[in-house]
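These notes are about the structure you will find just below.
The values are calculated or read from the model by the stated rules, or taken from the named source; none is laboratory data. Since this is a predicted model, take the numbers as computed values, not measurements. Glycine also receives a Cβ, built like all others from the backbone with ideal geometry; neighbour counts cover every protein chain displayed.
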Amino acid sequence: MIRILLVDDHTILREGLKQILADCHDMVVGGEADNGHDALSKIREDEWGVVVLDMSIPGRSGIELIRLIKAEKPRLPILILSMHKEDQYAVRTLRAGASGYLSKDSASGQLVFAIRKVASGGIYLSPGTAEKLAFSFRQESDALPHTLLSDREYQIFLLLVHGKNISEIAEELHLSVKTVSTHKTRILQKMGVDNLPALVKYAIRQDLIDSGELS
């Protein structure tokens, strides 16, 4: 029996995931958490077969939480469930220690298979993401600028190119406006651009954002 810990700050989504899993006789949702602190407490206190983790859990970036979980339980499989379709995010989560990455848009059809896959010691990725992952392991000198951003910088980069302003990002990530502004400056410098429109154009060219979202 695969014992699952669901970590997501949206009650409605957790209920939906439980409905998807309700008819699976080889797995059970044994616990839930709506923030990173609660998730770590439950992981320390009990044994789990798989953690299904929302990438945007409050308080910590998904990458940071993955690393904290793996430090506590290095063999515990983590399946990332995310609203982000960007392949580069999947690359970063696997490098941090996750065993799989699933878009929330695909959860209804792929969640059960993905959980079984990672619980058995495998890796779950969509074919397209797997291909991007292979290309990502180039030497750093050949890497694209966005792949050289830190995890926090990349998280803020995606929010910026998806139209969030500094105040909105600060609120969402529980950071100060000054901290986000500093990150934005560093992102522009590392990406070799002078302004946000240029950053957005880069993201579209690299297929990191759907240009239709900006219309």
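Only one residue in Leu159, Leu214, Leu208 is under 21 Å from Gly62 (Cα atoms) and modelled with pLDDT under 90, so which one is that?
Unique residue meeting the criteria: Leu208.
Among (1) in contact with a strand residue (DSSP E or B) (Cβ under 9 Å, 6 or more places away or on another chain); (2) surrounded by fewer than 18 Cβ atoms within 10 Å (Cβ to Cβ); (3) closer than 30 Å to Leu149 by Cα, which single condition is Val28 missing?
Only one criterion in (1) in contact with a strand residue (DSSP E or B) (Cβ under 9 Å, 6 or more places away or on another chain); (2) surrounded by fewer than 18 Cβ atoms within 10 Å (Cβ to Cβ); (3) closer than 30 Å to Leu149 by Cα is unmet by Val28, namely (3).
Name the strands (runs of 3 or more DSSP E) wholly within region 34-106 that hold at least 1 residues that are of a type in the set (D, E, K, R) and more than 16 Å from Thr129 (Cβ to Cβ)?
Per the criteria, 50-54.
Looking at Ser103 and the list (1) out of contact with any helix residue (DSSP H, G or I) (no Cβ under 7 Å at 6 or more places or on another chain); (2) over 15 Å from Asp8 (Cβ atoms); (3) hydroxyl-bearing (Ser, Thr, Tyr), which single condition is not satisfied?
Among (1) out of contact with any helix residue (DSSP H, G or I) (no Cβ under 7 Å at 6 or more places or on another chain); (2) over 15 Å from Asp8 (Cβ atoms); (3) hydroxyl-bearing (Ser, Thr, Tyr), Ser103 violates only (2).
Based on what the data block shows, is Gly36 in contact with a Leu (Cβ under 6 Å, 6 or more places away or on another chain) and more than 16 Å from Gln110 (Cα to Cα)? Before you say what the answer is, go through the steps one by one.
Numbers: in contact with a Leu (Cβ under 6 Å, 6 or more places away or on another chain): yes; more than 16 Å from Gln110 (Cα to Cα): yes.
Yes, satisfied.
Of the residues Ala22, Ala96, Ala33, which single one is assigned by TED's automatic domain parsing to the domain that holds Ser120 and either modelled with pLDDT of 95 or more or buried (at least 22 other Cβ atoms within 10 Å of the Cβ) (or both)?
So the residue among Ala22, Ala96, Ala33 that is assigned by TED's automatic domain parsing to the domain that holds Ser120 and either modelled with pLDDT of 95 or more or buried (at least 22 other Cβ atoms within 10 Å of the Cβ) (or both) is Ala33.
So, in region 58-84, of the ones that are of a type in the set (A, V, I, L, M) and within 15 Å of Ser103 (Cα to Cα), which residue ends up surrounded by the fewest Cβ atoms within 10 Å (Cβ to Cβ)?
If we take residues in region 58-84 being of a type in the set (A, V, I, L, M) and within 15 Å of Ser103 (Cα to Cα), then Met83 is surrounded by the fewest Cβ atoms within 10 Å (Cβ to Cβ).
Taking region 1-40, which residues are closer than 19 Å to Ser120 by Cα and among the acidic types (Asp, Glu)?
Selection gives Asp26 alone.
With Tyr124, Tyr101 as the choices, which residue is aromatic (Phe, Trp, Tyr), in contact (Cβ under 8 Å) with a residue 40 or more places away in the chain and not assigned by TED's automatic domain parsing to the domain that holds Leu175?
None of the others qualify; the one that does is Tyr124.
Would you mind stating whether Lys132 is among the basic types (Lys, Arg), touching an Asp or Glu at 6+ places or on another chain (Cβ under 6 Å), modelled with pLDDT under 90 and at negative phi? Please lay out each step first, then the result.
Working: among the basic types (Lys, Arg): yes; touching an Asp or Glu at 6+ places or on another chain (Cβ under 6 Å): yes; modelled with pLDDT under 90: yes; at negative phi: yes.
Considered against the rule, which asks whether it is among the basic types (Lys, Arg), touching an Asp or Glu at 6+ places or on another chain (Cβ under 6 Å), modelled with pLDDT under 90 and at negative phi, Lys132 comes out as yes.
Mind listing whichever residues of region 199-215 are surrounded by 13 or more Cβ atoms within 10 Å (Cβ to Cβ) and over 20 Å from the mean Cα position of the chain (by Cα)?
Leu199, Val200, Lys201, Tyr202
Taking the condition outside the structural domain of Gln155 (by TED's automatic domain parsing), among the β-branched types (Val, Ile, Thr) and either within 22 Å of Arg92 (Cβ to Cβ) or crowded, with 16+ Cβ neighbours inside 10 Å (or both), does Val7 pass?
Answer is yes for this residue.
What do you reckon, is Glu153 in a helix (DSSP H, G or I) and at pLDDT below 90?
On the way: in a helix (DSSP H, G or I): yes; at pLDDT below 90: no.
No; evaluated as a whole, the condition is false for this residue.
Among the numbered criteria (1) at pLDDT 85 or above; (2) within 29 Å of Asp38 (Cβ to Cβ); (3) crowded, with 16+ Cβ neighbours inside 10 Å; (4) not acidic (Asp, Glu), which one does Gln88 miss?
Here Gln88 meets the rest and fails (1).
Restricting to region 145-183, what's the tally of residues that are surrounded by 13 or more Cβ atoms within 10 Å (Cβ to Cβ) and in contact with a Gly (Cβ under 7 Å, 6 or more places away or on another chain)?
Looking only at that region, the number is 1.
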